[in-house]
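Working notes, structure below.
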Amino acid sequence: MAAPLISPSILSADFAKLGEEVRAIDAAGADWIHVDVMDGHFVPNITIGPGVVKAIRPHSSKPFDVHLMISPVDNFLDAFAEAGADMITVHPEAGPHLHRTIQRIKALGKKAGVSLNPATPAKMLDYVLEELDLVLVMSVNPGFGGQKFIPSQLKKIEAVANRVAKENLRVDIEVDGGIDPQTAPQAVSAGATVLVAGTAAFRGGPGVYAANIQALRGGG
Ligand code: DX5
Ligand code: ZN
């Protein structure tokens, strides 16, 4: 089984020195940089906006994997695209026009992702899956880092992976929430190709970021 890509979430980084943290996690071997955007409305937490994405953009050339946990989302797509997002992932639970939102992300020249909350069935992807570059399966209820992995999501990862394989689609399957060296191999064997990790990537400080990422990649 191919080793997963690792997309560390800067939600767990030191917000007082985000540029430095992005440089450090990039140098430590991150494949992507996961940027958790929260509005205090779609999720019970507030984090950062397009201005911070713009500020950290010069500190890494790795793809910015921007996860928009905001509602409504459409009025912010252009701002995040201009700020430097490479992939923009949205939640179907955040609004009524998912297909139109995906069309807009692609019209902006960005990769399009859809993220499913733990209670949202994979069926939600039925009429958009072939438009996507990425499916993000939430293995925690979104809003905070440091939560426990929800094992019931393994079946959803498998269901999405089976559909992607069956329809021969080029869609990455990313898993987000509670990923650590114990849960990483479970997610990968269920079909994950990209793992998001906040706590497990940033814990211990810059001196161990590379070891943290290696442990997630090796899964053990
Ligand atoms: C949660 C975010 C996740 C979170 C992961 O709402 O979408 O990306 O930062 O954090 P850990 O890896 O600590 O569960
Ligand atoms: Zn996220």
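The values are calculated or read from the model by the stated rules, or taken from the named source; none is laboratory data. As the structure is a computational prediction, the values presented were derived from the model and not from experiment. Here Cβ is always computed from backbone atoms with ideal geometry, including for glycine, and neighbour counts include all displayed protein chains.
Given the options Leu136, Leu125, Leu98, name the one that is more than 13 Å from Leu68 (Cβ to Cβ) and crowded, with 16+ Cβ neighbours inside 10 Å. Please lay out each step first, then the result.
Values: Leu136 fails: more than 13 Å from Leu68 (Cβ to Cβ); Leu98 fails: more than 13 Å from Leu68 (Cβ to Cβ).
None of the other options fit; the residue is Leu125.
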Exactly one condition in (1) more than 12 Å from ligand 2 (Cβ to nearest atom); (2) touching an Asp or Glu at 6+ places or on another chain (Cβ under 9 Å) is false for Pro96; which is it?
(2)
Please determine whether any residue of the stretch 66-82 is under 21 Å from Asn168 (Cα atoms), within 16 Å of the chain's Cα centre (by Cα) and within 16 Å of ligand 2 (Cβ to nearest atom).
no
For the subset of the stretch 159-204 comprising residues that are away from ligand 1 (no atom under 16 Å from the Cβ) and among the small types (Gly, Ala, Ser), which member is surrounded by the fewest Cβ atoms within 10 Å (Cβ to Cβ)?
Ala165
Suppose we filter Ala30, Ala24 for residues that are closer than 24 Å to Gly204 by Cα and within 15 Å of ligand 2 (Cβ to nearest atom); which single one remains?
Ala30
Which condition number in (1) out of contact with any Asp or Glu (no Cβ under 8 Å at 6 or more places or on another chain); (2) in a loop (DSSP other than H, G, I, E, B) is the one that Lys62 fails?
(1)
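Of everything in the stretch 148-158, what is surrounded by 14 or more Cβ atoms within 10 Å (Cβ to Cβ) and more than 16 Å from ligand 1 (Cβ to nearest atom)? Give them in sequence order. Even if it seems obvious, please write down each step before you answer.
Step one: filter the stretch 148-158 for residues surrounded by 14 or more Cβ atoms within 10 Å (Cβ to Cβ), giving 149-150, 153-154, 156-158.
Result: Glu158, single match.
Specify which of the listed residues (His41, His34) is outside any helix (DSSP H, G or I), within 17 Å of Ser115 (Cβ to Cβ) and free of Cβ contacts under 8 Å to residues at least 40 places away in the same chain. Before the answer, list the steps.
Working: His34 fails: free of Cβ contacts under 8 Å to residues at least 40 places away in the same chain.
Of His41, His34, the one residue that is outside any helix (DSSP H, G or I), within 17 Å of Ser115 (Cβ to Cβ) and free of Cβ contacts under 8 Å to residues at least 40 places away in the same chain is His41.
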Looking across the stretch 3-46 at residues that are surrounded by 24 or more Cβ atoms within 10 Å (Cβ to Cβ) and of a type in the set (S, T, N, Q), the single one that is nearest to Pro72 (Cα to Cα) is Ser9
Taking the stretch 56-80 and keeping only residues that are surrounded by fewer than 17 Cβ atoms within 10 Å (Cβ to Cβ) and farther than 20 Å from Ala28 by Cβ, one is left with Ser71, Pro72, Asp74, Asn75, Asp78, Ala79
Among Met138, Met124, Met87, the single one that is in contact with a strand residue (DSSP E or B) (Cβ under 9 Å, 6 or more places away or on another chain) and under 16 Å from Pro63 (Cβ atoms) is Met87
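Which residue, of Gly109, Gly51, is on the phi > 0 side of the Ramachandran plot and either part of a loop (DSSP other than H, G, I, E, B) or at pLDDT 95 or above (or both)? Spell out the reasoning first.
Details: Gly51 fails: on the phi > 0 side of the Ramachandran plot.
When all the criteria are applied, what remains is Gly109.
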Test Phe15 against the criterion of being within 18 Å of Gly204 (Cβ to Cβ), at pLDDT 95 or above and among the aromatic types (Phe, Trp, Tyr), and give yes or no.
yes
